[in-house]
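I have placed the structure first, in the form of structure tokens, so that the comments after it can refer back to it.
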Amino acid sequence: MAPSLTPRQLALLEMLRACDGELSGQALHRRLRQAGVSMGLATVYRHLRSLQQQGCIRCRHLPSGEALYAPLERDVHHLTCLECGHSSELPHCPVGSVTGTDQLPAGFRPLFHTLEVYGLCAGCAAGTTSELPQAEGSDR
Ligand SMILES: [Zn+2]
Ligand SMILES: [Zn+2]
């Protein structure tokens, strides 16, 4: 499958590929502005949705509801702490084996998958980073 991308969709894809991490629609919008490209935020999101439908990018949502986008080939999953919000990466993708074609309903063509694990990080689970006693009068 050779997706047919418009120049603007290509620009968004290249911008995501050039970035090490993930970018929100807002961040992409800001970077486009800095690059001298004028594209409304709604248009950015419309192109992002289209890129997802063409299997070019993936998207995940933070507990805050914010969506982060990354190129499809970057198959990374996160463990996110609900207490402090820290995200760490899973060392490998456990989903690839599940989406092997013989395990899916006939005719279904997978484009991308997401996997998010939410919980408490080691520090928060041990209660060491929250509910610290107030240290009166000591600023560090
Ligand atoms: Zn935590
Ligand atoms: Zn994966």
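A compact table of results
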| quantity | calculated |
| --- | --- |
| Region 72-102 - residue that is of a type in the set (S, T, N, Q) and within 24 Å of Leu48 (Cβ to Cβ) and, of those, modelled with the lowest pLDDT | Thr99 |
| Criterion violated by Glu22 - all others in (1) of a type in the set (Asp, Glu); (2) buried (at least 17 other Cβ atoms within 10 Å of the Cβ); (3) without any contact (Cβ under 8 Å) to a residue 12 or more places away in the chain satisfied | (3) |
| Any chance Glu83 is in contact with a helix residue (DSSP H, G or I) (Cβ under 7 Å, 6 or more places away or on another chain) and surrounded by fewer than 17 Cβ atoms within 10 Å (Cβ to Cβ) | yes |
| Filter result for Cys56 (outside the structural domain of Leu5 (by TED's automatic domain parsing), out of contact with any His (no Cβ under 7 Å at 6 or more places or on another chain), surrounded by 12 or more Cβ atoms within 10 Å (Cβ to Cβ) and at pLDDT below 95) | no |
| Tally, over region 73-125, of residues that are assigned to a helix (DSSP H, G or I) and either at positive phi or of a type in the set (Ser, Thr, Tyr) (or both) | 1 |
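The values are calculated or read from the model by the stated rules, or taken from the named source; none is laboratory data. Model, not experiment: these values are computed from the prediction. Neighbour counts are summed over all protein chains in view; Cβ atoms, including those assigned to glycine, are modelled from backbone coordinates with ideal geometry.
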